[in-house]
Amino acid sequence: MNESKQLELSLKTLCATIFLGIAGDLLLRDAPWGIGFALYAIVIAAVAAYLYRSRTSDFGKGVVWLVPPALLFASLFAWRDSNDLKLLNGICVTLVVGVLALRVRSGNVTVATLIDYPCRLAERWLCFLSDFIKLASLEGQWSKLGQASLGKKATSVVRGLLIAAPLFLVFAALFASSDAVFSKLISRTFSFDAGQSTSHVFVLIACVWIVGGFLRRVFIAKDPPQVEGPHPLGPKLGLTEIVIVFGTLNSLFLAFVAVQFRYLFGGHAMVQTTAHLSYADYAHQGFFELLVVAILGLGVLVGAHAVVKSHESRDWRTFASLALTLVTLIFVVMASAITRMQIYVQAYGITEERLYAVAILGWLTLVFCCFCATSLRRRPERFAAGALASFLLVVLGLNALNPDGLIVRVNTSRSVAKVDGAYLGSLSQDAIPDLVRALPKLEPAAKANVIQQLKIQKDEMEADDWRSWDLSSLNASEALSEVKL
């Protein structure tokens, strides 16, 4: 690679990083993330497209398909107001950007191990700091800065600023002394607030560090491509050990399902006929324990697959049969967990915690299916990517579902005497249109609580910065305009 081109690209990337740091400070600082975050992602994509034309390293073809999902999940900040959804959308953006940085050279995003996703993703994000330090040093070519055309322009700009600064200060002081109005304008413009300055510096440094490290990794770094395919993890186990482990677990799961089948799927009748068993006990002493069982079962399956000796066809068929049996039994346990939660919701209503717990079960279902379709078919290198894709799919589905709106619709469809107006009113702006529609059928106490919370949210919406705007706030404003608060 031509050193002058390398220096030009490094300087362009550094200038772009400074610009993006300032843009991040303007769009993200001191405001809840809404459309500002989506716009920032678009600005980063536009700058990356500009730098792409000057790239000096090859790109893997597969990483191009990661750009739309990254922009999609970033744009969801301009759709939903729920903090939980914003957290999940942010996690999705982080994961997709990490995969892009990890696979930018090889391009193969569908082949990975559990070391790659998520372990190397976390490592990649941590390494953005060292990447930015290398970028700030212009890859060790500061001494050659004057040889590059862009470097000459940058040097000229710096010299011009150094000359202009003292002249600006002198003339500004003279003008301020001559006119009181101009003096106040200068004082307001250049007033110093320690707290504000600290927040500016913090956001600027964070954006420059992350974005600069990412751009350097994508456009400049010359790391060799990651080694694809499965990697052996520790000692291997033979058929005897696997049969004992899976035989024991399958027997335990089967006994649990068989002995307590009536308890697992008894529903309302079981709760009513069992002494000292309330709806709360039935759900809480079952759902969350069974959720943990499903998670641990997935860990056992993945761990066993990593250490099983699979070169013998007979051994592999035995392992696959035992593993498939365990997956089937876990599905039964998960169905029981869903049944318990359904009964609890019918009795006490639904909350964010309960809804997202069910979403976790839905994701686990997809992950188990992915395990059967990949690892049990001797394609384990595609399991991690499938699990990641299923997580993105579930989060996208939650955005489309609108959890807070669903909570309002479900809880207000029950007996009005059981509606917790204070809780429903505390939900995000995503819930406001459904709350307004439900007001006429609420009892007076619940209705008063909801109206009180809606007034608070209306005041907050009127005080919101434009960067916090999202589609939910627009729908909420339209809904609130139809009622007198």
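The values are calculated or read from the model by the stated rules, or taken from the named source; none is laboratory data. Since the model is a prediction, treat every value here as computed from it, not as a measurement. Reconstructed Cβ throughout: ideal geometry from the backbone, glycine too, with neighbour counts over all protein chains shown. The accessibility values were calculated without ligands, DNA or RNA, using every heavy atom of the protein model including side chains. Shrake-Rupley method; radii C 1.70, N 1.55, O 1.52, S 1.80 Å.
Does the stretch 281-370 come out rounded, prolate or oblate, given a ≥ b ≥ c as the square roots of the eigenvalues of its C-alpha gyration tensor, rounded meaning a/c under 1.5 and, failing that, prolate meaning a/b above b/c?
On the way: a/c = 3.40, a/b = 2.89, b/c = 1.18.
In terms of gyration-tensor shape, prolate.
Past 22 Å, Cα to Cα, is the threshold; run 86/441; 86/447; 418/447; 86/484; 61/86; 418/458 against it and keep the listed order.
86/441; 86/447; 86/484; 61/86; 418/458
Charges at C-beta only: +1 for Lys and Arg, -1 for Asp and Glu. How large is the resulting dipole of the stretch 1-135 about its Cα centre, in Debye rounded to 20?
On the way: 13 positive and 10 negative charges, 69 e Å.
Using only the charged Cβ atoms, the result is roughly 320 debye.
Between the stretch 50-99 and the stretch 424-485, what's the alpha-carbon centroid distance in Å?
So the separation of the two Cα centres works out to 31 Å.
Could you give the length gained by full extension between residue 65 and residue 379, i.e. 0.36 nm per residue of separation minus their alpha carbon distance, to one decimal place?
Numbers: separation 314, 0.36 × 314 = 113.04 nm, distance 2.19 nm.
Full-extension gain reported as 110.8 nm.
In the stretch 1-100, if the dipole is taken from +1 on Lys/Arg beta carbons and -1 on Asp/Glu beta carbons about the Cα centre, which of 85, 6, 96 is farthest to the positive end?
Among 85, 6, 96, the one farthest towards the positive end of the dipole of the stretch 1-100 is 6.
Based on the alpha-carbon gyration tensor of the stretch 396-485 and its eigenvalue square roots a ≥ b ≥ c, which shape applies: rounded if a/c is under 1.5, prolate if not and a/b is larger than b/c, or oblate?
oblate
Taking the Cβ of residue 371 as the centre, find all other residues whose Cβ is under 15 Å away and add up their charges (Lys, Arg: +1; Asp, Glu: -1).
Details: positive: 377, 378, 379, 382; negative: 381.
So the environment of residue 371 carries a net charge of +3.
Can you list residues whose amide H is under 5 Å from residue 308's amide H, if they're 5+ apart or on another chain and H is modeled 1.01 Å from N?
237
Can you list the HN-Hα couplings for the stretch 368-373, worked out from phi with the Karplus curve (6.51, -1.76, 1.60; θ = phi - 60°), rounded to whole Hz and with x for Gly and Pro?
4, 4, 5, 4, 5, 7
Excluding ligands, DNA and RNA, what is the solvent-accessible area per residue of the stretch 360-485 at a probe of 1.4 Å, expressed in Å²? If you can, show how the numbers build up before the last one.
Numbers: 5880 Å² over 126 residues.
Spelled out: the 1.4 Å probe surface of the stretch 360-485, per residue, equals 47 Å².
Shape call for the stretch 332-391 from the C-alpha gyration tensor, a ≥ b ≥ c root eigenvalues: rounded (a/c under 1.5), prolate (a/b greater than b/c) or oblate? Mind dumping the intermediate values first?
Values: a/c = 6.71, a/b = 2.41, b/c = 2.78.
Oblate is the answer for the stretch 332-391, as a/c is 1.5 or above yet b/c matches or exceeds a/b.
Sequence-distant or interchain residues sharing an amide H contact under 5 Å with residue 351, placed H: which?
none
Report the charge-dipole magnitude of the stretch 292-415 in Debye, nearest 20, computed about the Cα centre from +1 at each Lys and Arg Cβ and -1 at each Asp and Glu Cβ.
Values: 11 positive and 6 negative charges, 70 e Å.
Result for the stretch 292-415 is approximately 340 debye, rounded to the nearest 20.
If you count, for each residue, the other Cβ atoms within 10 Å and average over each peptide, how do 363-371, 423-431 line up from highest to lowest?
Taking the mean over residues of other Cβ atoms within 10 Å, the ranking is 423-431, 363-371.
Relative contact order (percent) for the stretch 416-471, with alpha-carbon contacts under 8 angstrom and 6 or more residues of separation? Spell out each step's value before the answer.
Details: 32 pairs, mean separation 23.8, N = 56.
About 43 percent, as a whole number.
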